[in-house]
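All of the numbers you see were taken from the coordinates with simple rules; none came from a lab. These numbers were taken from a predicted model, which means no experiment stands behind them. Cβ sites come from the backbone with ideal geometry, for glycine too, and all protein chains shown count toward neighbours.
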């Protein structure tokens, strides 16, 4: 057993130079076969492995990661966690996840620093406010917390927002979800990895899948840069690169890969308490524990796998944020990063079976994958363990696009670049 | 920010352009329903070259097809596709 | 250091303050130079342990000396003292300390350091998330550096496009030469330099054969652009670079109102002459004030005439530091020892004792300077009394822009450094960045725990070792686990030191251990600068309607609609919005009203194939319209859902006018262009967006016909008819279409002539007892009539059948969206259908959920709520599961967020004149 | 001191979009006959005393002035559509006009890229605009009416910056 993490153990380390800590996860050689192979050592893949082992008792599991774990979108996002969606399929799914978030640190014995500091959508006119009320009412009727705020109430939480009436986009109110917040993104990947590893899951880094082993219409394993590995069931879990990996199995998906950029400023003393998002403007900001203002905006809405964004897209998001919070003006952008996102054709994820036996798909997270990590892992583990979707991910099937049962939160239709 | 060589205006900043979709997702209005939905809801989405429809929206407003690499962002070819291309 | 570190020259004419004390600087001083000159060695506190920190470098790589500069809305926290030039009245403050810089309570964190190693926070603070938030509150207050300003920024920021054949980054000897050669070859040249004066390394090591100022003049004379105080901070695709230019120093008041400029430059070729950054040396307490980089010491001595120490130890693994020893000696300092880690070195300055195989192992210090340096020489320790140690651990080429451009790095074993290699862009690196001086790897001699690598984030060699021990072995894991390289200097001085340690741990070479990537920006960039003019308007200009001034005279309540602002209501006599809207709507129902509908999408489609194009875009028939007739129409997306609606009119044999919603106008323009040019380039037609060409005025009400008849001197068209006419002497299109449910007309007129037409109609309408009405009244009218609106009932998730429009679909098909509409889920009986709601008690909360009983998951929602205009009583439009078949059912509208509720009966959505008798002929 | 750079709103003039969808050669010949000058190529303008044609699009010319002579030249091969009500024309004149148009822009306004007689459509501070270089000393900018006032403010604020 690994040394459990605790304050006591840390103190003990103060006297031994912290020499008693083992590696957080092993570095095993791949075996010839597993019950389940998960392609992709990101947050979702590691969470899936953890819940397979913990909930379903399936421990003969490998997570194959082409590079280093947590290096994909779980390590390059803006760390927001919330369940404040309008459509029931989405808010029910994310709410299930939010409940898992609230105890995740204890469950994993790894502090993922989930901090329910509240996430608010600003409304800038009466029309926005009605839409926010509609969203909040839909959530509340389904038992999810949501509260409308007046500008005065907003001022108490975020005094640096421009709440003047003559602002270009005056702030008329907000819908806040108090139980939403932020978490430490890397810790989520590492915490799941450490916990899954402790349950016997093999986490195999620097192992890139280059093809599938196929018998008729069944996938029975994968070809990798470290050799052939067979599996009873194989789950793709590589959001951002789903089109590419599914393509190796001959699947074409309702997905286009786009770049989503984010940035953080130099650290300053606390100035933003919650997560602030805007309904009409497209930015979101929060402040990290180190003091940096973390923000993002719209994706670069054309296809790319490059993890390299365009400056003017970022500048536009910054203009929107500075307009709403003028005190950001003299802060400095310190670091930028980009993720490759799976833009699905209704904006909702895909978790479920595929037309190919033995092959499962977890994809299409658009820019909302981080917050979904526990729920995605939980439901995908259920699907991989039982061969059938969990009731929460049943609506998110791959077939829905052809049948028309799309889950279109933003209601702009099939073109991700119009979203 | 890319530099896109518009077939009509020459090299221009990407800001003037909008991306529409890939050529493999063009829905022929005359196609049967199944073919049309297949076109609309699947993309090759390769980690390499693909053909994309762009428009010089804030320039000459014309439409064109870019052959562009999804990783290097190199634009290998641009060709006009509007009525002017039929002339 | 005690007392001033440079002899007064009479030039100390620039007063500035640091932590409230007034000092004087010389022209050309950086804040760091001026502080050192004034004997201020303690400048800052570190991020985590609040350790005392001084000035380590003389450039942008400075990890320690961060201060807050400026006042009010111009306050710039985290400004590097080495990268701000003193100006008269400059106000600088230290940060991240309380109550004062010299006595900082939080420095007790240093005592707890043994328990607070890398990633300690992942291992503790368990319990529910709320508990973590409590601990987190303390951490957040202790973290952060400076304070953000709380006042708005009074200054503007410019953004400007730049174009050149050759962009040279860096004005050291190599950059100057490259820029001048390109300019002489007739190229369009831009030369950028982050310093305030050109010269780069020449400012530290002058070369009598090179005169930077003269070269700059020559480049300018040849038409070149030379930008000082300008940093190439981002290198993007297709040779696009972002440059950040300081028009005034941080915190200073700009004479023209602009503090900085962001250049968006497209360069034919980029020449990177970005030079080297010196590597610090890890040893115990190597973060103390009085530990400085060797070249920085030389810069202060030579460029600024400042002697940062009087008794100096020089520690090096290369030849360059011998020049520092020389400079120190020349300036009158005593070099008590030159510690060379190698077995031999070049000739040392006279009187300086050189120790080979010598490495510093620890220092002790006072607040502003050192006291003592201990070194391991050969196998034994030796101490030196010294107030300064100048260290050089070798050099790191500045390859950030090269890497941002997608370039590769090549390992240079001799210099223990990565050197720019191939690049996919039109870009090359020249100068010293290509040939750093040889500097062998040296094993650190001091205790790992106090040997800092990332100074600002307090990451020591021991932290790197712990991360390794715990399995965070990829360089990215290491970086993220320890926070190494994540501070405001982005690891400029720490990266290579850490990488060497990682390689040593792994037992591999440095290039095998890996390398993290550099992403923009090279140095931090002011957010207001990135926002540019958009800081004031979110990058979204207000769009003005053509009759803005006329409406403004009525002092209406304005309503934003996209970027437009339209009158929402015209209150009189202190009316509220609701009162005004109800009065206006009643006026329309009983007399007549006029309203501005200029923002509607409008397209003129002409040519022999105009109808064919419109029958693709519209889901209704179009081609059957006679000249002078129009019809309601709607458009689908390719997936079969309704995207927009409007009217289409046949103005002439081969000319149509199509209108669409305001909110969807830009989207519709793009869509029609796609259909016409990309899908059907063969069609013989022209589509012109005339949204702004025509102002539109709606005239509605029982008296609308007679009012208009008098104004145009002719019989207005019957319902859904079109006639051209002349009104107030201006040619107009008169369309008979009713949105309100009354007899109504739209008058479209060239926008530049619209004022006369509006005035004439308003006068005639008022004469009849009518009045202008705004969007709110329009909303009341259309809800009562049961007309759908884009963004309301047309929510992007509804089919024509859902909205009761199925009967109007073009039976022949062939329109965009016909295929999508055939999918099974679009025909399910339990889809959300448009219904009306009549309240059985109070007002119906708009946006509220439709449920049958409390605790039930919603079955629908209210899209728009209103009241019967003449009769009173709350009504609403809603989308309800299977709603077409549920008329008569009683339900509850619940809005928990507003604490509102209403009992309602489901009805047809057409509350008013369902047969259309009020406007049909 | 040189003359300052100035920004002036020019009174509205008739503006039409002239689009040709078929038989471009034949139409071009007919138009040339009617106007006395050839249809300008992409990026250029041509004029007589009564009308200026500017080409911003492959199949569409912006016609400024009296288009009555063109009506009979198009037949079923093209059409004229009025658009003048939606456009405000600014004349930016003086030594700094090229520099001013780089503010918030993405297009190279140097004399080499945009000589007298040239036309170009581009974006300035998020607004789609069309440029027509009248002479080395002045450029006319065609701005959508709804954005005209905002862009005017933007330029006014940037004027003191010229040369800085």
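For this structure, a couple of remarks:
- Computed with the Debye formula from one identical point scatterer per Cα of the protein assembly as shown, without solvent, the log10 of I(q)/I(0) at q = 0.07, 0.08 Å⁻¹ comes to -0.86, -1.12.
- All-pairs alpha carbon distance profile, segment C:1-73, 5 Å steps from 0, percent: 3, 14, 25, 25, 19, 9, 3, 1, 0
- Tail beyond 28 Å, pair distance distribution of segment C:1-151 (Cα, percent): 29
- Rg over Rh [alpha-carbon atoms, Kirkwood Rh] for segment C:682-830: 1.05
- Alpha-carbon Rg with Dmax, taken over chain C, Å: 37.3, 112
- Relative to the dominant Cα principal axis of chain C, helix C:495-506 is inclined by about 80°.
- For C:205, C:340, the sequence from fewest to most other C-beta atoms within 10 Å is C:205, C:340.
- Relative pair counts by distance (%), Cα atoms of segment C:820-907, 10 Å bins: 19, 49, 23, 8, 1
- Computed from Cα atoms, the angle from the helix C:129-142 axis to the main principal axis of chain C rounds to 50 degrees.
- 10 Å Cβ neighbours from other chains, averaged over peptide C:155-165: 5
- Applying 1/(1 + (r/R0)^6) with r as the Cβ-Cβ distance of residue D:13 and residue B:32 and R0 = 51 angstrom yields a FRET efficiency of 0.50.
- If R0 equals 45 Å, the separation of the Cβ atoms of residue A:27 and residue A:217 corresponds to a calculated FRET efficiency of about 0.80.
- Neighbour counting of Cβ atoms within 10 Å sorts the residues A:192, C:135, fewest neighbours leading, into C:135, A:192.
- Set of segment C:305-335 residues, backbone N closer than 19 Å to the point 7 Å along the Cα-Cβ line of residue C:350: C:322-335
- DSSP-defined beta bridges in chain A - what % are antiparallel, rounded to 5: 70
- Spin-label pair residue D:113/residue C:211, simplified geometry with 7 Å Cα→Cβ offset, distance in nm: 3.5
- With helices as the sole contributors, the protein assembly as shown gives -6500 deg cm²/dmol at 222 nm; each DSSP H run of n ≥ 4 counts as -39500 (n - 2.57), and the sum is divided by every residue.
- Kirkwood-type radius of chain B, with distances r between different C-alpha atoms, in Å: 13.8
- Relative contact order of chain C, taken over Cα pairs closer than 8 Å and 6 or more residues apart, is 8 percent.
- Highest mean packing first, where packing is the average number of other Cβ atoms within 10 Å per residue, the peptides C:566-579, C:467-480, C:673-686 line up as C:467-480, C:673-686, C:566-579.
- In segment C:156-276, Rg over Rh equals 0.97, where Rg is the alpha-carbon radius of gyration and Rh the Kirkwood radius from pairwise Cα distances.
- 17 Å cut-off, amide nitrogen to a point 7 angstrom out along residue D:72 Cα→Cβ, residues in segment D:27-44: D:27-37
- Label-point gap, in nm, between residue A:282 and residue C:334 - each point 7 angstrom along Cα→Cβ: 6.7
- Shielding value for C:134-143 is 4, the average number of Cβ atoms from other chains within 10 Å of each residue's Cβ.
- Cα-projected label distance for residue A:386 with residue C:410, points at 7 Å along beta-carbon direction, nm: 6.0
- Added length on full extension, which subtracts the Cα-Cα distance from 0.36 nm per residue, residue C:112 to residue C:343: 79.2 nm
- Cα gyration tensor, segment C:280-393 - rounded (a/c under 1.5), prolate or oblate: oblate
- Proportion of all alpha-carbon pairs of chain A beyond 40 Å (%): 16
- When only Cα pairs below 8 angstrom with a gap of at least 6 residues are kept, segment D:15-84 shows a relative contact order of 45 percent.
- Under the Debye formula (equal points on every Cα, no solvent term), log10 I(q)/I(0) of segment D:15-84 at q = 0.12 Å⁻¹: -0.24
- FRET efficiency estimate (nearest 0.05) - Cβ-Cβ, residue C:759 to residue C:920, R0 30 angstrom: 0.45
- Angle between chain C longest axis and helix C:320-330 axis [Cα atoms, degrees, rounded to 10]: 70
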